[in-house]
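Q: Provided herewith is a single structure, encoded as structure tokens, for subsequent inquiry.
Only the coordinates and a few stated rules stand behind these numbers; no lab work does. These figures come from a predicted structure and were not determined experimentally. For neighbour counting, all protein chains shown are included, and Cβ atoms are generated from backbone atoms with ideal geometry for every residue, glycine included.
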Ligand code: RP5
């Protein structure tokens, strides 16, 4: 079982997605990470999303660059929340992915984070899971307090 399904569109997206995995690990959130291309392997994507749901995924994180179809395609295949992670690659360096991911049609939303905002994609997924998990909500609140204390330190 894995609470979060992390999908990326290409092997070339893996390094930029690692901070998301680190955040999920810090909060003890289970995840399954998969490379699957919406454009190059659409039928496999359908299977991956169905299997992730069957395996307990409550939130999807989908990262992609350039035309960045993956987050929207995942959102089309599930009613569970999808966090879209635009990745910097190609001639437009992520602007293309940001616009593609944020411009979803009404009824099929994707929550877009910043270009290369992998850590925040996971933070948002943790916040969603914390709505129904008091232990996780407590860990999240503690981490937010620690973060506030850190920024007050002149070092
Ligand atoms: C996107 O195109 C992928 O998400 C990746 O960011 C970009 C380039 O993919 P590759 O050609 O490196 O596989 O679909």
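Q: I need the calculated FRET efficiency for the pair residue 143 and residue 18, taking r as the beta carbon distance and R₀ as 22 Å, to the nearest 0.05.
A: The computed FRET efficiency comes out at 0.70.
Q: Hey, can you rank 68-80, 108-120, 23-35 by average C-beta count inside 10 Å, highest first?
A: Taking the mean over residues of other Cβ atoms within 10 Å, the ranking is 68-80, 108-120, 23-35.
Q: Still on this model: Report, as a whole number in µm² per second, the diffusion coefficient that Stokes-Einstein gives for region 61-148 at 4 °C and 1.567 mPa s using the Kirkwood radius over alpha carbon pairs.
A: 95 µm²/s
Q: Test of understanding: what is the full-extension gain from residue 50 to residue 95, defined as 0.36 nm times their sequence separation minus their Cα-Cα distance?
A: 13.2 nm
Q: Continuing with this model, one more query. Ratio of alpha-carbon Rg to the 2.2 N^0.38 Å globular estimate for region 1-92, to two decimals, please.
A: 1.00
Q: So which residue, out of 130, 122, 20, gets the largest mean-square fluctuation from a GNM of the chain using Cα contacts under 10 Å as springs?
A: 130
Q: Taking 8 Å as the Cα distance limit and 6 or more residues as the minimum spacing, I'd like the relative contact order of region 4-150 as a percentage.
A: Computed over region 4-150, the figure is 24 percent.
Q: Of the candidates 85, 124, 140, which one comes out as most mobile in a Gaussian network treatment of the chain with C-alpha springs shorter than 10 Å?
A: Fluctuation is largest for 140.
Q: What number, rounded to the nearest 500 deg cm²/dmol, is the helix-based mean residue ellipticity at 222 nm of the chain, given -39500 (n - 2.57) per DSSP H run of at least four residues and division by all its residues?
A: -14500 deg cm²/dmol
Q: Nearest 5 is fine: what % of DSSP beta bridges in the chain come out antiparallel, could you say?
A: Counting DSSP beta bridges with both partners in the chain, the antiparallel share is about 0 percent.
Q: Moving on. Of 84, 107, 94, which is the most mobile in a GNM of the chain whose springs link Cα atoms less than 10 angstrom apart?
A: Result: 107 has the largest fluctuation of those listed.
Q: Then there's this: Using only Cα atoms, find the angle between the long axis of helix 134-151 and the longest principal axis of the chain, and express it within 0 to 90 degrees, rounded to the nearest 10.
A: In the chain, helix 134-151 runs at an angle near 70 degrees to the longest axis.
Q: I'd like the distance separating the alpha-carbon centroids of region 1-67 and region 100-155, in whole Å.
A: The two parts, judged by their Cα centres, are 16 Å apart.
Q: Here's something else I'd like to know. When you have a sec, figure out the Kirkwood radius of the chain from all distinct Cα pair distances and drop it here in Å to one decimal?
A: Result for the chain stands at 15.6 Å.
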